[in-house]
Amino acid sequence: MIHTLRTSFLAATAACALAGGLLASPAFAATELTFQRFFGACDADFGSNTDVSKAVGECGIITSMVNKFNADNPDIHVAVTTVEWPGYDQLTAQFAAGDPPDIVTIHHSALSDYQTKGLLLPLDDLLAANGIKPADFTDASRNGVTKDGKIYGLPIDNWTMLFHINMDLFKQAGLVDASGKPILPKSVDELLAQAKQFKEKTGKPYLIQNLANETALYTRNLYTYLFQQNSDFFADPTKVKINTPEAKKVVEMYKAIFDQGDTTKDLDYAASINAFLAGEGGVHLNGTWMIGDYNASAEKPGTALNKGGYAVYPYPQLFSGKHAQYADGHSLAVSQKDRSEEQTAAIGKFLKFMADHDFDWSRTGHLPAMKAVLDSAAFKALPHRDTVAPIAELGTSLPGAVQRQFAIQDIIGQEMSAAITGQKEVDASLADMESRINELLANL
Amino acid sequence: MADAALSSPANRAAPAKARVQNVQAPLWRNALFVLPFLVVFVALLVVPLVWGIWLSLHKADAFSSGRFVGFANYVRLYNDKIFWQAIGNTFYFVLLTVPALAVIGLMLALALNSRTRTAAVLRTVFFASSVLSVTIVTLIWRIVFVPGFGLLATVYGWFGAAPPAFLSDPDLVMIAIAIATIWWCIGLPMMLFLSALQQIPGDIYEAAALDNANRWRTFRYITLPSIKRTFVLVVVIQIVLQFQLFGQAKLMTNGGPNNVSKPMVLYIYEAAFTKWDLGLGAAASEVLFVLILIAAMVQFLVSRRKGESA
Amino acid sequence: MSSMTSAHAPTPASDVGRGAPSGMVGRTTGDRIILGLTIALAIVMMAPLLWVVALSLKDNKELMVSMNAVFHAPYTVQNYINILATSSVFRWILNSLVVAGGLTVGTLVLSSLAGYGFARLNFPFRNVLFVIVLMGLAVPEQAVLIARHQLFSWLKLHNTYPGLILPGLSAPFGVFLMTQYFRAIPKELDEAALLDNASRFKIFWKVLLPLTLPAQATLGIFTFLGAWNDYLWPLISGTKKEMYTLTVGIASTQTNFAQSEGLGFLMSQAVFAGAPILILYLFFQKYIVTAVSGAAVR
Amino acid sequence: MTAQIEITEVTKRYGALTVLENLSLSIKANEFMVFLGPSGCGKSTLLRMIAGLESVDEGTIAINGRRIDTLPPGQRDLAMVFQSYALYPHMSVADNMAFGLKNIGVPADVIATRLSEAARMLEIGHLMERKPGQLSGGQRQRVAIGRAIVKEPKAFLFDEPLSNLDAALRVRTRVELAQLRHRVKSTMIFVTHDQIEAMTLADRVVVMNNRRIEQIGTPMDIYTRPATRFVATFVGSPTMNFLKAKMDSRDGFATLTLPDGATLQTAMRSDGLAPGAYELGIRAEAVRPARAGETVTTSGTVEVLERLGDRTLLYIRLSDGSMIVAEDAGLSRAAIGDRMELTLDGSRVHLFDGEGRAFHAVEAAHG
């Protein structure tokens, strides 16, 4: 028996050593780049696809793009790590560990967190060396990635939240005008009235919202309708002023929707998509990135969206302030760390490739980051781009100097959810929201 | 007088005391056996513990060493409603799971304490979930609870009803996490009780049968007193284990909605890696440490009492 | 001495469930009701697992339309084929094996050495050191998480196997268990070996270590399962995809299913990831049960 | 291969507790020496100090003139048989016996020869491949002895090796041990609390009590001329009778007056004995019912009968209330409640004075 024990001791040790050795040595000597991104994993469908034009959806397109880059550049190998959205806990841990990925997807809204700590490489020189000029970017994109006068990420898109509409149900509800366009509300009261009408006619909720396990949607909704009331809640980027009558109006509106059953209630993000695809409600509040997927579904016979069609619009203007809605963007940032010239050159090549393929990326539904693509006929010819085109002007971000926007988003989402679902009084929620955010910002 | 003749004094002029080779002597080289562990222990547990206490007195983020702030982090914790809520959630969770684990575990052990093949198979079934990792457990239960297409929704759907919103109703999320946890952890208490039940000598039951004790009285007056210590042990072990709730809450609800399912460990994790507030996280860690220390001392006292009476 | 008898003859698993009451009289109505309830509960226990397995055998797109598809054909193993073709699950399983295996071997070696040292040998400050190690039992992993993460950053150990394995080695539970176990072995064995001119290490290695086999099994199984299921530390230390352990890897896919490969594929990954440990469990069930029971009696 | 062991002024302490105090002892080569005493008297400690399992706080231990108390146990060339046998449970009988030899690099063929020799001697040849767990108590005991024999040590140390055996086996093994000691010429030290083992096995017995040696002598010495009251009590079954007595000298011999007024003329010379109060010690075998015509020393009532087959022990209450045990024939007709007249053998009495000194009617056999 002891022999078994000893043998297994030795065998296990040997196996560990062997495994360690095998795994440590890279398979080939190409320049290795690590690329960490969200957007999900879809190796089963697109793991070996290099034809970007055949890919659909964020995951499929980005996977195919990296595959294509690797195929085109045998001397470089981009190794992808997919993280759970948005992956910032992990990225922070990696930076803290001194072992960040070379290239990483970062929201414009999160760039300053890392930039202020000196963790990101300014890209001006690298981009210039690869023939990418800041003037090529759309204004929103350029502003999103510029901090202290320098560029800290290659913008790949701008995105915002949209009204994804099930036209079949809208027709049943009588919310389609003569020209076949959906009738959208122009005020809070109209919204509530139309939702009521929708429910009476179809028996289904007007809105599909992912309210379970969610903070982002609440926050984006709040920001959008605060913008529409000209509320400058981040006049001072280190101190929020959000316990305001404007904010209360927004929260009360969503609370009314919730209380009257005009929204789905217990769906999480994935379930909300399923619900919309299954025709469980009229309007899905989701981002630009779903246009490609929903459009694909609408073109497939037998689906709920195919029945009466799929339409997509910016959030309706419900208040009397400036026309605006919350927007953000994705960028590719490069970590500060010691690199050989080959590695830096390889990163430049990869960024150039991504910039060149911005059109492919915009097929997801996002607004392209490159002016040339935005203005191109090919982009305009993509489905539904006519109706969502205004978001290029409407899109508004928080001031770039506001840090920890994702942590703030968690706080806002938590408090709004508490107010809307009735766990807490609206006033108490807003007060807590403000004090918690300010506590966070005061302790950066 | 007796011939207790003492030996010849041959060695009486014994030489100066030689270096005595003593099997019980405290020799430094004996410490070589414990040295490897001690090095790891000190480097990876003691040092971080002290470092953590030091950190908790500083305003520090992941990228800069920070400045000394005294007990400011603890004051912030004291004033942080969410922290208190996290402590409350943790206790609530312990309250939800531990009694259930102990009672269900005991009932299963009683039901399955027999030599039949069926009992063996059922024991296997009830213990099997214990070997799964937390991410698979949560994945499974999300797929059970998830609205719209979960198992629960499907079953309710057959009756045209809407299932309880286990993952989003503030009153239900902790219960949902507790259900998943009990499903996951029930094997260990069951096994502990089973082995305790087997320590009870069979002749006591024979004596009880001769005394005409019915099932309940046998349980109440023979089984229960015999496994009292195991019961306490199970409860304490489970308190310490369930106090460390993290994975289930993070993966099933991410602490939501509005922090009602955020346990202390998730609070610490978020303080450090979402808010980058290492000092605050370290301070919260120390609070957790003290709370678990109390539980561990109870465990120590219980096991020591066990030692005395055994 | 009583613990030695158990040490020499580990209770076979079949003894678990040596039921006192049911052996005496025939099965009564009460017994049948209890059995029925237990079986019903077991089915409830199994239901989530079966649901997941069923989902994993369905086409993703079919599931998008309706869950009721689960209950009827066609079933497909395409998701599993996709795993074999593309998924990182293999790599994650390998990582988990290396980490759990390494931690188990390391814990057994360190704990056995230290347990023997504390139980049998005298050295300066022994009792003080032992008390300090015992106090270490009360330190939860989470309490040192942040400081440990910084320490490992400084040592450049993140995203390495040592980085994933080492923290577990500092847990004093194994030392405590092994010390207790060594103490229960009669001292005469050491003394006989001392008279047989064996060195301290030889006594440890040839005479006592073989006798601790049951304790090694208990400790090994607990350590392996603990490491296999650990989530918190790998989450913040093994942050690269190729260094994910299975728990972290599965977690990284699970909230993304809507925009990823789909529910069926995700479920098949879960099944695929859960199967090895379940098979190991069925295979080593006897030992695991003995180990658990052994830990309880102690 | 054999050794003379010299223990000189050895003291052992556990913290403040002194277990052995300034103890000296000389064991001759080839001698079978038994340490006898009640538990806790320090006899095992002394044995373990010789083995090297306990440290020596003061004093020295030497074998054949070479000091060994500074050596680790393995280098003292001693073999020990433990009370619990301490067989290595995971090793076969053969491996158990070979372990010590392998440790000092004895060639394999020599090991094989010694093992088969020992196996033959102890009749355990058929057990060589078994594990200790598969052996009976007696077999384990033999293996433990075999493990000691194959080492061909300078001395054997036995630490109560028979106490874990059942009564019948103990008697048999005792006889075998006695035979063995004549085949294996070596010094042997045997620790026991069983006086029968000591009496039957020993060349000399060391009676120990309470940290010190009470007496060293041959078994018969110890039995017939116990040096102290403790030895007199501890050795012999049933326990020696003790009666208060007043001593007077008559014709150079001691005459005793018992509490009930009876007098006993002894064969003990009274020179050097001061008249006065003593304690009379007399074994049951020297007290018997008076036959017709014999001098009656005293009388009493039978309270308890112990029929041992070959003899009968009578517990008799004397008129002053004290109890005395007398020995009668196996077929004694005595019954409880009988009035019994007793004869005490004056040539087999012992006297103990207030300081515990002993005086004997029997002369020392030698010296």
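Qualifying trypsin sites (Lys or Arg not before Pro) in the stretch B:19-109, where qualification requires a DSSP coil assignment and no more than 11 other C-beta atoms within 10 Å, comprise B:Arg19.
Which semi-axes, in whole Å and largest first, does the equivalent ellipsoid of the stretch A:229-312 have when worked out from the alpha carbon gyration tensor as the square roots of 5 times its eigenvalues? The partial results should precede the final answer.
Details: eigenvalues 223, 53, 23 Å².
That gives 33, 16, 11 Å for the three semi-axes.
The relative contact order of chain A comes to 24 percent, based on Cα pairs under 8 Å that sit 6 or more residues apart. Couplings 3J(HN,Hα) of the stretch A:316-327, computed from phi: x, 7, 9, 10, 9, x, 5, 6, 7, 8, 5, 9 Hz, in residue order, whole Hz [Karplus 6.51 cos²θ - 1.76 cosθ + 1.60, θ = phi - 60°; x for Gly and Pro].
The distance linking the stretch A:100-157 with the stretch D:180-195 is 92 Å (Cα centroid to Cα centroid, whole angstrom).
Which value results for Rg/Rh of the protein assembly as shown when Rg is the Cα radius of gyration and Rh the Kirkwood radius based on the inverse mean 1/r? Present the calculation step by step, with values, prior to reporting the outcome.
Numbers: Rg = 43.3 Å, Rh = 38.0 Å.
Answer for the protein assembly as shown: 1.14.
Using Cβ point charges alone (K and R +1, D and E -1), the dipole size of the protein assembly as shown about the Cα centre works out to roughly 2540 debye.
Which of the trypsin sites (Lys or Arg not before Pro) found in the stretch A:133-201 are in a DSSP loop and have at most 15 neighbouring Cβ atoms, other than their own, within 10 Å? Walk me through the numbers before you get to the answer.
On the way: sites: A:Arg142, A:Lys147, A:Lys150, A:Lys171, A:Lys186, A:Lys196, A:Lys199, A:Lys201; in loops: A:Lys186.
Listed in order of number, the matching sites are A:Lys186.
Relative to the longest principal axis of the Cα atoms of chain A, the long axis of helix A:216-227 lies at roughly 50 degrees. Computed over chain A, the P(r) curve from all C-alpha pair distances, binned at 10 Å from the origin, holds 4, 19, 29, 24, 14, 6, 2, 1, 0 percent per bin.
Over the stretch C:129-286, consider all pairs of different Cα atoms and compute the Kirkwood hydrodynamic radius from their mean reciprocal separation; express it in Å, one decimal. All intermediate terms of the calculation are to be shown ahead of the outcome.
Working: mean 1/r = 0.0527 Å⁻¹.
After inverting the mean inverse Cα-Cα distance, the result is 19.0 Å.
Using only protein heavy atoms and a 1.4 Å probe, how much accessible area in total is buried between C and B, to the nearest 100 Å²? Write out the running numbers ahead of the final one.
Details: alone 17900 and 19760 Å², together 29170 Å².
Between C and B, the summed buried area is about 8500 Å².
Given in Å, the Rg to one decimal and the Dmax to the nearest whole number for the Cα atoms of the stretch D:4-50 are 11.3, 36.
Ranking D:Cys41, B:Cys185 by solvent-accessible area of protein heavy atoms (1.4 Å probe, all protein chains present), from largest to smallest, gives B:Cys185, D:Cys41. Across q = 0.17 Å⁻¹, the stretch D:5-234 modelled as identical point scatterers on its alpha-carbon atoms has Debye log10 I(q)/I(0) values of -1.26, in the order of the q list. With a 1.4 Å probe and every protein chain left in place, tell me how much accessible area C:Met46 has, in Å² to the nearest 10. For C:Met46, the solvent-accessible surface is approximately 70 Å². Backbone amide hydrogens, once placed in the peptide plane, bring D:Met80 within less than 5 Å of D:Leu157, excluding anything fewer than 5 places away on its chain.
Converting phi to 3J(HN,Hα) with the Karplus coefficients 6.51, -1.76 and 1.60 and the offset θ = phi - 60°, the stretch D:206-215 yields 10, 8, 10, 8, 6, 6, 9, 7, 8, 6 Hz in sequence order, with x at every glycine or proline. Averaging 1/r across all pairs of distinct Cα atoms in the stretch B:81-309 and inverting the result yields a Kirkwood radius of 19.7 Å.
Report, as an integer, the average count of C-beta atoms from other chains found within 10 Å of each Cβ along B:279-287.
Working: counts 2, 2, 5, 6, 1, 3, 7, 1, 1.
Averaged over the peptide's residues, the number is 3.
Note on the stretch B:178-280: the C-alpha convex hull projects to 8.8 nm² when averaged across all orientations. Any chance you could give the angle, 0 to 90 degrees and rounded to 10, that helix A:245-259 forms with the longest Cα principal axis of chain A? Relative to chain A, helix A:245-259 is tipped by roughly 80 degrees.
Our note on the geometry: Cα centres of the stretch A:301-330 and the stretch D:1-52, 99 Å apart.
Quote the relative contact order of the stretch A:356-444 in percent (integer), defining contacts as alpha-carbon pairs under 8 Å separated by 6+ residues. Numbers along the way, then the final one.
Working: 39 pairs, mean separation 14.4, N = 89.
So the answer I get is 16 percent.
Between D:Pro275, D:Pro219, D:Pro153, where does the largest GNM mean-square fluctuation fall for chain D, given springs only between Cα atoms within less than 10 Å? For chain D, modelled as a Gaussian network with Cα springs under 10 Å, the answer is D:Pro275.
Can you pull out the trypsin sites (Lys or Arg not before Pro) in the stretch C:27-125 that DSSP calls coil and that have at most 16 other Cβ atoms within 10 Å?
Details: sites: C:Arg27, C:Arg32, C:Lys58, C:Lys61, C:Arg91, C:Arg120; in loops: C:Arg27, C:Lys58.
When the trypsin sites (Lys or Arg not before Pro) of the stretch C:27-125 are filtered for loop state and at most 16 Cβ neighbours within 10 Å, C:Arg27 remain.
Among A:Lys255, A:Lys54, what's the order by accessible area (1.4 angstrom probe), most exposed first? Provide the component values of the computation, followed by the final result.
Working: A:Lys255 50, A:Lys54 150 Å².
Descending order: A:Lys54, A:Lys255.
Can you give the helix-only mean residue ellipticity at 222 nm for chain D, where every DSSP H stretch with n ≥ 4 adds -39500 (n - 2.57) and the sum goes over all residues, rounded to the nearest 500 deg cm²/dmol? Working shown, then result.
Values: 8 runs with 84 residues, N = 367.
That comes out to -7000 deg cm²/dmol.
The value obtained for the stretch D:241-366, namely the Cα convex hull volume divided by the number of residues, is 123 Å³ per residue. Taking all protein chains as shown and a probe of 1.4 angstrom, B:Ile204 keeps an accessible surface of around 70 Å².
Among the listed pairs A:Lys255/B:Lys262; A:Lys265/A:Lys371; A:Lys133/A:Lys337; A:Lys147/A:Lys371, those whose Cα-Cα separation exceeds 29 Å are A:Lys265/A:Lys371.
Among the DSSP helices (H) of chain B, those spanning at least 20 angstrom by Cα along their long axis with an average Kyte-Doolittle hydropathy of 0.0 or more are B:81-111, B:228-243, B:278-309; this is a geometric and hydropathy rule only.
The stretch C:221-242 and the stretch B:158-232 have their alpha-carbon centroids 30 Å apart.
The amide H of D:Arg283, built 1.01 Å from its N in the peptide plane, has D:Asn241 as neighbours under 5 Å, considering only residues 5 or more places off or on other chains. In the complete set of protein chains, residue-level accessible area for C:Tyr181 is approximately 10 Å², probe 1.4 angstrom.
How far is helix A:405-420 tilted, in degrees, relative to the longest principal axis of the Cα atoms in chain A, given as a value from 0 to 90 rounded to the nearest 10? Computed tilt is about 40 degrees.
Computed from backbone phi with θ = phi - 60° and the Karplus coefficients 6.51, -1.76 and 1.60, the 3J(HN,Hα) list for the stretch D:328-336 is 10, 5, x, 9, 3, 8, 4, 9, 4 Hz; x is used for glycine and proline. For chain A, carbon and sulfur atoms together expose 54% of the accessible surface, with a 1.4 angstrom probe and every protein chain in place.
To the nearest 100 Å², how much accessible surface do chains B and A hide from each other in total, with a 1.4 Å probe? Provide the component values of the computation, followed by the final result.
Working: alone 19760 and 19210 Å², together 36370 Å².
Looking at B and A, the buried total is near 2600 Å².
Heavy atoms of the protein chains alone define the surface here; on that basis the protein assembly as shown has 39 Å² accessible area per residue at 1.4 Å probe size.
Could you sort C:Phe125, C:Phe265, C:Phe130 by accessible area so the largest value comes first, with the probe set to 1.4 Å?
Values: C:Phe125 135, C:Phe265 5, C:Phe130 25 Å².
Sorted descending by solvent-accessible area, the residues read C:Phe125, C:Phe130, C:Phe265.
In this structure, the amide hydrogen of A:Val240, modeled 1.01 Å from its nitrogen in the peptide plane, lies closer than 5 angstrom to those of A:Asn438, counting only residues at least 5 positions away or on a different chain.
Estimate for me the total accessible surface buried between chains B and D (protein heavy atoms, probe 1.4 Å, no ligands or nucleic acids), in Å² to the nearest 100.
1800 Å²
Here is how the number arises for chain A: DSSP H runs of 4 or more residues each give -39500 (n - 2.57), the sum is divided by the residue count, and the result at 222 nm is -14000 deg cm²/dmol.
The values are calculated or read from the model by the stated rules, or taken from the named source; none is laboratory data. Just so it is clear, the model here is predicted, and its values are computed rather than measured. Counting neighbours? That spans all protein chains shown, and the Cβs are built from the backbone with ideal geometry, glycine included. Quick note on the areas: whole protein, heavy atoms, side chains included, nothing else; ligands and nucleic acids left out. Shrake-Rupley method; radii C 1.70, N 1.55, O 1.52, S 1.80 Å.
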